[in-house]
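First the structure, in the form of structure tokens, and then the observations on it.
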Amino acid sequence: MIKKFNDTRINFKLTVAFFTIAFLSILVIGLLSYFSGKKSLELESFNRLTAVREMKATQIEDYFSDITNQLITFSEDHTVVDAIKDFQNGYDSLLIQLNVNAGILDSASIRLKNYYQNEYLPRLNHNVQISEDVEHHWPKDQTAVLLQDIFISNNNNPVGKKHYLNQTNNQCSYGEAHAIYHPLIRSYLEKFEYYDIFLVDHNTGRIIYSVYKEVDFGTSLIDGPYANSNLARAFNAANESTDRDFVKLVDFEPYHPSYNAPSSFIASPIFEGEEKLGVLIFQMPIQKINEIMTNRHEWADVGLGESGETYIVADDFTLRNQSRFFIEDKENYFKMIKEIGVPETTIAQIQNFESTVGLQPVKTFGTEAALKGETNTEIFNDYRGVPVLSSYKPLQIQDMHWVIMSEIDRDEAFAHVYDLRRNIIVIFIGLLISIIFASFFISKKITKPIKILTGKAQELAGGNLDVEIESNSKDEIGQLASSFSDMQHSIHDLVHNLEDKVQERTQEIQQQKEILEIKNQEILDSINYALRLQKAIIPTEAKVKSALPESFVYFKPKDIVSGDFYWMNQLEDKVLIAAIDCTGHGVPGAMVSVVGANGLNRCVKEFNLNKPSDILDKLTDLVKETFESGEDKVKDGMDGALISIDLKNRKLEYAGANNPLWIIKQEGALIEIKANKQPIGDFDFRKPFENHTIQLSEGDQVYIFSDGYVDQFGGPKGKKFKYKTLKTHLEDNRHLSMDEQVKVLDKRFQEWKGSLEQLDDVCVIGVRF
């Protein structure tokens with residue numbers, strides 16, 4: 001029995017159904033779009049901040065490493081060694097040479113005291129909470145008083161330019177030494193932009209020389225007025241060390257001689273042979289740190305937009321570089337830090353020094369986590385109280401407990417998210433209104449003829465594909481009925497056709513699979529044959545051991561064939577051995593290696609060369625000649641290190657193209673011989689390779705290598721192994737035999753690489769004398 005069709009009821013149901021489905025679809029799609037877009041933009045922002053953080057962390061760590069190397073190198077310079085000896089002699093004999101009596105000393109004291117009272121103390125007291133007096137800063141030593149008078153109070157140059165005085169009118173050995181060395185040391189200071197450079201006597205702690213001649217000049221860092229300063233701590237640490245390469249870096253602290261401005265120092269002892277002469281100290285330049293961290297005020301160029309910045313925070317939770325907001329808008333910056341409760345004394349110091357370094361407090365969730373050693377990305381309120389996206393990590397700088405923060409305001413980072421949300425809401429409302437009207441009219445039109453099709457549709461829905469469906473109308477419902485009938489017949493045909501198509505496609509896929517397997521095997525056979533050819537040009541391990549019994553070769557190609565190779569030739573009294581890194585790896589690199597190995601053999605056998613620099617120069621010509629002989633000019637070349645070993649006389653010669661030579665002395669010191677900064681092959685600024693001759697001792701070990709080992713990514717953080725880590729590894733294992741060293745070297749490489757792909761070919765060669 002057929003029930004009476006209720007058109008109004010079905011119309012309502014259809015309207016509600018259409019509206020509900022469309023509403024929920026739009027709502028779900030809108031929410032998914034919004035949250036997906038927000039998540040994507042947040043992830044993109046964090047990735048950009050992390051990339052900037054890593055870039056700036058590398059730059060600042062490399063900068064401090066460069067400063068350390070500059071300090072050590074300068075402390076070993078003969079000019080500095082001669083200077084500190086001459087200044088010490090001049091300091092000790094000054095009173096006698098100038099025939100100083102009580103009258104001269106009184107006049108000098110009066111002038112100097114007048115300078116303290118009228119110039120130095122007013123500037124200092126402007127930057128301290130408790131006013132200072134002359135007594136607390138007065139030098140204890142008469143020589144120091146006299147020197148400060150000559151170079152400070154009796155110096156006609158204004159404050160800030162006292163260092164332009166090169167030669168005094170006084171006839172004394174100190175003045176003569178100052179005229180010789182001061183222009184040289186001042187030039188070094190200006191070139192590398194240090195704030196000041198000090199030479200300190202190691203016995204008395206007296207600052208016997210400084211470039212800028214502030215009030216610490218001539219005073220003792222042991223018992224003088226600044227014995228409790230961070231400058232004194234740096235001196236004491238360096239003075240106590242017996243290691244000529246020792247370096248001590250102290251963090252920024254207020255320093256009275258620099259008018260209480262935050263100052264940092266780095267110190268290293270000065271030796272002449274085994275005798276300690278004194279301590280060299282650099283006063284660190286804050287400007288270079290600011291340039292790195294602020295990108296020379298071009299924040300947008302590194303993707304930090306209008307509100308992003310990178311900054312360093314020390315373990316006292318204060319900045320170690322200028323705040324972006326202080327640089328760009330001082331007025332709003334001071335208004336902001338006052339509102340969040342920064343003490344008035346701190347604000348006054350920031351205004352006086354025109355600097356936030358060591359003054360602006362930054363105690364946030366991120367800085368606390370980073371100072372605990374954590375590396376992460378988070379959203380929290382920064383030192384302004386503004387929500388920011390932040391990427392943070394600890395910095396690896398000797399003697400410093402610093403962290404780096406890379407941040408951008410949340411509102412700026414999510415600006416596009418807010419636009420997306422607004423657009424989705426507007427579109428949602430428009431579609432909602434349209435759906436209401438469309439649902440009503442469509443359902444009204446459908447309900448009238450639907451009764452006719454209901455019965456047949458129910459039979460078809462029950463699985464009777466043989467049911468006859470009649471179409472009595474030509475509208476959409478009639479077309480639907482015809483379509484149901486056509487669909488019934490089409491399904492039978494479709495099932496049959498699908499079976500035929502499946503069988504046909506299966507056969508085609510099988511044929512293609514067999515063809516690919518054949519081609520793959522042909523390629524693999526060609527590569528394996530290339531491996532046999534490459535093995536034929538590389539000396540065997542037994543041949544290397546025969547010529548150099550105390551040696552190892554760690555050779556690990558990335559692919560079947562290698563772009564790295566090692567080469568050896570044994571002359572009557574010498575052994576030539578090289579580690580060469582060709583452009584690329586795999587088959588292309590192997591082809592270049594054949595050119596390199598053939599060229600080395602020609603250099604020795606055809607051109608009778610045995611000097612490493614001559615061989616590399618000739619090899620360069622042969623490589624260029626080979627790659628320029630075809631239609632297309634190829635600029636590929638190779639890096640490498642070549643050594644000539646005279647085991648009998650323990651004499652070694654070396655020349656290198658970008659790759660250095662490392663020597664570990666029997667007592668454990670590692671010496672690096674730099675290579676020429678040019679490849680073997682076509683190069684626009686080529687120079688003849690430099691030949692280094694080194695006399696070695698029994699037990700000394702030498703190492704040459706390609707860059708594959710140190711460039712391998714791995715470890716817990718997926719970073720490069722780096723040269724520094726390889727140096728430490730070789731030094732730690734120098735007591736092992738060469739056979740044991742190569743096993744440890746391979747084990748460390750495999751542990752570091754872990755599950756990551758090998759990045760490049762690896763070649764490391766070691767020889768013990």
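The values are calculated or read from the model by the stated rules, or taken from the named source; none is laboratory data. Small disclaimer: the values here were computed from a predicted structure and weren't measured. Here the Cβ positions follow ideal geometry from the backbone for every residue, glycine too, while neighbour counts run over all protein chains shown. Side chains included, ligands, DNA and RNA excluded: accessible areas come from the protein's heavy atoms. Shrake-Rupley method; radii C 1.70, N 1.55, O 1.52, S 1.80 Å.
Some points to look at:
- When the range 221-245 is filtered for residues that are under 36 Å from the mean Cα position of the chain (by Cα) and either in a loop (DSSP other than H, G, I, E, B) or among the charged types (D, E, K, R) (or both), the ones remaining, listed by number, are Asn228, Ser229, Arg233, Glu240, Ser241, Thr242, Asp243, Arg244, Asp245.
- Identity of the residue in the range 543-586, small (Gly, Ala, Ser) and in a loop (DSSP other than H, G, I, E, B), that ends up nearest to Ile643 (Cα to Cα): Gly563
- Of all residues in the range 202-233, those satisfying the criterion of being open to solvent by 20 Å² or more (accessible area, probe 1.4 Å) and of a type in the set (Asp, Glu) are Glu214, Asp223.
- Qualifying position, being in contact (Cβ under 8 Å) with a residue 40 or more places away in the chain and of a type outside the set (A, V, I, L, M), among Gln712, Gln750: Gln712
- Listed conditions (1) assigned to a loop (DSSP other than H, G, I, E, B); (2) under 30 Å from Ser109 (Cβ atoms); (3) in contact with a Pro (Cβ under 9 Å, 6 or more places away or on another chain) are all met by Asn203, apart from (3).
- Subset of the range 56-71 (residues that are of a type in the set (D, E, K, R) and touching a residue at least 40 places away in the same chain (Cβ under 8 Å)): Lys56, Glu61
- Filtering Leu652, Leu647, Leu642 for residues that are at pLDDT 90 or above and either closer than 21 Å to Ile537 by Cβ or open to solvent by 10 Å² or more (accessible area, probe 1.4 Å) (or both) leaves a single hit, Leu642.
- Checking Asn118, Asn114, Asn157 one by one, the residue that is touching a helix residue (DSSP H, G or I) at 6+ places or on another chain (Cβ under 6 Å), under 16 Å from Glu214 (Cα atoms), surrounded by fewer than 17 Cβ atoms within 10 Å (Cβ to Cβ) and at pLDDT 90 or above is Asn157 and no other.
- Search result, residues across the range 350-407 that are farther than 20 Å from Ile289 by Cβ, within 25 Å of the chain's Cα centre (by Cα) and in a helix (DSSP H, G or I): Phe365, Glu368, Ala369
- Qualifying residue in the range 39-55 (condition: part of a helix (DSSP H, G or I), in contact (Cβ under 8 Å) with a residue 12 or more places away in the chain, out of contact with any Lys or Arg (no Cβ under 6 Å at 6 or more places or on another chain) and open to solvent by 70 Å² or more (accessible area, probe 1.4 Å)): yes
- Annotation note: of Gly175, Gly278, Gly218, the sole residue that is in contact (Cβ under 8 Å) with a residue 24 or more places away in the chain, in a loop (DSSP other than H, G, I, E, B) and among the small types (Gly, Ala, Ser) is Gly218.
- So Leu622, is it part of a helix (DSSP H, G or I) and open to solvent by less than 30 Å² (accessible area, probe 1.4 Å): yes
- Segments classed as helices (runs of 4 or more DSSP H), wholly inside the range 71-159, with at least 2 members that are of a type outside the set (A, V, I, L, M) and out of contact with any strand residue (DSSP E or B) (no Cβ under 8 Å at 6 or more places or on another chain): 78-92, 102-115, 121-125, 142-148
- Residue among Pro254, Pro262 that alone is surrounded by fewer than 22 Cβ atoms within 10 Å (Cβ to Cβ), outside any loop (DSSP other than H, G, I, E, B), in contact with a helix residue (DSSP H, G or I) (Cβ under 9 Å, 6 or more places away or on another chain) and modelled with pLDDT under 95: Pro254
- Note on the range 738-747: residues that are open to solvent by less than 80 Å² (accessible area, probe 1.4 Å) and without any contact (Cβ under 8 Å) to a residue 40 or more places away in the chain amount to 1.
- Any hit, the range 306-325, residues being over 24 Å from the mean Cα position of the chain (by Cα) and part of a helix (DSSP H, G or I): yes
- Where a residue in the range 335-352 is over 15 Å from Gln322 (Cβ atoms) and its partner, wherever it lies, is open to solvent by less than 60 Å² (accessible area, probe 1.4 Å) and part of a helix (DSSP H, G or I), with Cβ under 7 Å and at least six apart: Lys338/Ile347; Ile347/Phe334; Ile347/Ile337
- Of all residues in the range 116-157, those satisfying the criterion of being within 23 Å of Pro262 (Cα to Cα) and among the aromatic types (Phe, Trp, Tyr) are Tyr116, Tyr120, Trp138.
- Cβ-Cβ contacts under 6 Å between residues 6 or more apart (or on different chains), taken from a first residue in the range 578-599 that is on the phi > 0 side of the Ramachandran plot to a second residue that is open to solvent by less than 10 Å² (accessible area, probe 1.4 Å), are listed as Gly584/Gly563.
- Options Ile560, Ile518, Ile537; residue that is in contact with a Leu (Cβ under 6 Å, 6 or more places away or on another chain) and modelled with pLDDT under 90: Ile560
- Breaking point among (1) outside any helix (DSSP H, G or I); (2) of a type in the set (Val, Ile, Thr); (3) over 24 Å from His182 (Cβ atoms), for Ile60: (1)
- Residues of the range 602-619 that turn out to be out of contact with any Lys or Arg (no Cβ under 7 Å at 6 or more places or on another chain), open to solvent by less than 40 Å² (accessible area, probe 1.4 Å) and not aliphatic (A, V, I, L, M), as a count: 2
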